[in-house]
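Below is one structure, written out as structure tokens; the observations come after it.
The values are calculated or read from the model by the stated rules, or taken from the named source; none is laboratory data. Quick caveat: nothing in here was measured; it's all calculated off a predicted structure. Every residue, glycine as well, gets a Cβ built from its backbone with ideal geometry; the counts of neighbours run over all protein chains shown. To get the accessible areas, we keep the full protein, side chains included, count just its heavy atoms, and leave off ligands, DNA and RNA. Shrake-Rupley method; radii C 1.70, N 1.55, O 1.52, S 1.80 Å.
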Amino acid sequence: PLIDIISEKHYDFNFHLNHKADILLTANLFEDKKSKTVYKNLIKYRLERDLRYIKIIRTDDMYIPPIIIKNLHPKSTIIDIGAYNGDSVEMFLNSFRDIDQIIAFEPELNNFKNLNKKFKNDKRVIPQNQIISNKVQSYYISNDGAESKVHFKKSDNSIPIQSTTVDTYCNKNNIIPNYI
């Protein structure tokens, strides 16, 4: 990303003035109208702190669109990239009782530990403490919740973490995902 996604500084009007070019450049990266609208409303929310901007972008089907529910077969393999606390994993498990497996990638260590704990008795959920990237590489991550950062070099509070690609992971584990 051209700018950090989550930080208290992003609610500061002066931050938006000072980063206007980056914000507009990022907005132009989106190709579809819905994504542009979501981004625009997130910026408006941060400037005005008016919850109606958030309410109009959130939908119940934002992670599992109706077309997926209609076409995903029961024995599917799903890859969840950035599984966070398992909220989307739960949505899939509730929507598809006979799901084969969900590989849940979560790089932030605290989130990963919570994900492991939450699904420790469900053999269909396979948590992975890795980054999905466009290459297999070693990085460092600062485990600071929403403020976590991935670095190429070690910093004071960072720990090593490995990235992989979807293709590498799937080939290595003989997996053909039905939904990513």
*³J(HN,Hα) across segment 155-172 via Karplus (A = 6.51, B = -1.76, C = 1.60, θ = phi - 60°), whole Hz, x for Gly/Pro?*
10, 3, 10, 9, 10, x, 8, 9, 9, 9, 9, 4, 4, 4, 4, 5, 5, 5
*Would you kindly state how much longer the chain becomes between I175 and T26 on full extension, computed as 0.36 nm times their sequence separation minus their alpha carbon distance, in nm to one decimal?*
50.3 nm
*For Cα extents along the principal axes in Å, several values are listed as [x] 62, 31, 28; [y] 56, 36, 27; [z] 49, 42, 28; flag the one computed from this structure.*
[z]
_MRE, 222 nm, helices only [DSSP H, n ≥ 4, -39500 (n - 2.57), over the chain, to nearest 500]_ = -10000 deg cm²/dmol
*In whole angstrom, how far apart do the alpha carbon centroids of segment 133-176 and segment 13-31 sit?*
27 Å
*Counting DSSP beta bridges with both partners in segment 29-180, what percentage is antiparallel, nearest 5?*
45 percent
*Enter the accessible area per residue of the chain (Å², integer; probe 1.4 Å; all protein chains in place).*
66 Å²
*Could you look at the chain and say what percent of its accessible area is carbon and sulfur, using a 1.4 Å probe and all protein chains?*
53 percent
*Normalised by the residues of segment 8-57, what does the relative contact order come to in percent, with Cα pairs under 8 Å and at least six apart?*
31 percent
_Highest to lowest packing among 93-101, 48-56, 121-129, scored as the average C-beta count within 10 Å_ = 121-129, 93-101, 48-56
